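Remarks on the structure that follows.
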Amino acid sequence: MSKMHVEVVSTEQLIYSGEAEFLVAPALEGEIGVYPRHVPLLTRIKPGVLRMTVPGSKEEVLVAVSGGMLEVQPTHITVLADTAIRGEDLDEARANEAKRAAEESLQHATDDLSTAKAHAALAVAIAQLKALDYLKKRVH
Amino acid sequence: MAVGKEILTKIRSVQNTQKITRAMQMVSTSKMRKTQERMRAARPYAEKVRTVMAHLAQANADLGHPLLARRDVVKRAGIILVSSDKGLCGGLNVNSFKRFYAKVKELQEQDVEIDVCCLGQKAVAACQRARLNVVASAVQLGDVPKMDKLIGPLTVLFKQYAEGELDAVYIVYSGFINTMKQEPTLEQLLPLTPQHMVVEHSHSWDYLYEPDAPSLMEFLVKRYLESVVYQALAENMASEQAARMVAMKAATDNAGNTIKQLRLVYNKARQAAITTELSEIVAGAAAV
């Protein structure tokens, strides 16, 4: 029976690499099964489990992915797996979090700035008081 | 005899410092190997995404994705500044910041406004000092680069670019060349330069798309950019550990030299004291 090479990669690491006779992937529009010599196909996959039939083994190999992209070529299959659970809303929430972090750090800066200003004002006031003391002494 | 008690105290304090720097050196030596492995592990993904993306772009030349749009006039630019969270790593961050400030100055001279996205504590501090507009930031990144932490800040920038608020996006980080050499690197992320889109061997076949080419393209472009930034962060972390190891080794060696010199001074002082005492005794005996 013919085989195909399967690679599951993510940004952080190579998750799986090996031969397979048959693969089932949770595509966005429903599960798809791929045999060797499949026509080139590109599709997104949902978070789920990849099932593979591996030559010389009755057990299926299972690889869990949190979504990503499936690229099918006649003799090899690449899964570009996401490392984090993704979604429009979730990404949006993360973006807001990052913005908030930036604003917060700036907030601290203004706090530091106002502290510095207060310190400077205090120094001026002390200097003025000292000058007054000095003048009083001279008058007496 | 209490000769040179201050010197002994000093020696002890330098020895304590040396213990710390030596420990830090060993810690970063062991971390360095791991960070380098991680840096390499990130490469296959970026390469694969780039190939698929290039192919897709070639098969569908007229894909009008907002992230691929080119702008003729640059009015506002985004810069992603990558730094370490902690200090004590020699001139690593300073060198990156110099490269960054040079670019900022160049852009400001062309009347380009700048938004900065900071990755790492030191970058945030540097941008505050320079009074730059920080639109997004991620700190406390740890020793392992995590995609999870990058998605937020990047989404902010890419969204702005897609909406036309930003006309270019750059990234500044410390590139890892080898253990002794790290080089501040500036790259243009957006608009994508044509060299990103070259396929080595062009075929006349095309994929079947599910659901359709444009939405897949959007997905790929995003993932590609994210992987580039991830790679930059991983490289910056490897550089950080290498720089820290070298800096701490130098510090340990310096501490050793200082101790040697102090010992010499101490011994001399002690010997001088003994000699004086002896000559006093001899003089005293001679007088009697």
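Considering only segment B:151-159, I want to know if a residue exists there that is part of a helix (DSSP H, G or I), open to solvent by less than 50 Å² (accessible area, probe 1.4 Å), free of Cβ contacts under 8 Å to residues at least 40 places away in the same chain and within 22 Å of B:Gly91 (Cα to Cα).
Of all residues in segment B:151-159, those part of a helix (DSSP H, G or I) come to B:151-159.
The next check asks that each one be open to solvent by less than 50 Å² (accessible area, probe 1.4 Å); those that pass are B:151-158.
Among the residues that remain, those that are also free of Cβ contacts under 8 Å to residues at least 40 places away in the same chain are: B:152, B:155-156.
Narrowing further to those that are within 22 Å of B:Gly91 (Cα to Cα): none.
No: zero hits.
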* **Enumeration of residues in segment B:218-227 that are at the interface with another protein chain (Cβ under 10 Å from one of its Cβ atoms) and either more than 18 Å from A:Val79 (Cβ to Cβ) or over 24 Å from the mean Cα position of the chain (by Cα) (or both)** => B:Phe219, B:Leu220
* To do: Kindly indicate whether any position in segment A:64-73 is closer than 13 Å to B:Leu154 by Cβ and crowded, with 17+ Cβ neighbours inside 10 Å.
  => no
* Flag for B:Glu37 being under 30 Å from B:Glu163 (Cβ atoms), acidic (Asp, Glu) and part of a helix (DSSP H, G or I) -> no
* Asked: Restricted to segment B:140-166, and to residues that are touching a Ser or Thr at 6+ places or on another chain (Cβ under 8 Å) and at the interface with chain A (Cβ under 7 Å from one of its Cβ atoms), which residue is nearest to B:Gln231 (Cα to Cα)?
  -> B:Met147
* Out of segment A:14-23, which residues are open to solvent by 30 Å² or more (accessible area, probe 1.4 Å) and part of a strand (DSSP E or B)? -> A:Leu14, A:Ile15, A:Tyr16, A:Ser17, A:Glu19, A:Phe22
* Within segment A:26-52, track down each residue that is away from chain B (no Cβ under 11 Å) and of a type outside the set (Val, Ile, Thr). => A:Pro26, A:Glu31, A:Gly33, A:Tyr35, A:Pro36, A:Arg37, A:Lys46, A:Pro47, A:Gly48, A:Leu50, A:Arg51, A:Met52
* Taking the stated definitions as given, is B:Thr51 modelled with pLDDT under 90 and polar (S, T, N, Q)? -> yes
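Among the residues of segment B:162-177, write down those that are in a strand (DSSP E or B) and either of a type outside the set (A, V, I, L, M, F, W, C) or surrounded by fewer than 19 Cβ atoms within 10 Å (Cβ to Cβ) (or both).
B:Tyr170, B:Tyr173, B:Ser174, B:Gly175, B:Ile177
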* Asked: Which condition number does B:Val139 fail, the rest of (1) over 27 Å from B:Met217 (Cα atoms); (2) at pLDDT 90 or above being met?
  -> (2)
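The values are calculated or read from the model by the stated rules, or taken from the named source; none is laboratory data. The shown structure was predicted, so the numbers you read here are calculated from the model rather than taken from an experiment. Heads up, the Cβs are rebuilt from the backbone with ideal geometry, glycines too, and the neighbour counts pull from every protein chain shown. Side chains included, ligands, DNA and RNA excluded: accessible areas come from the protein's heavy atoms. Shrake-Rupley method; radii C 1.70, N 1.55, O 1.52, S 1.80 Å.
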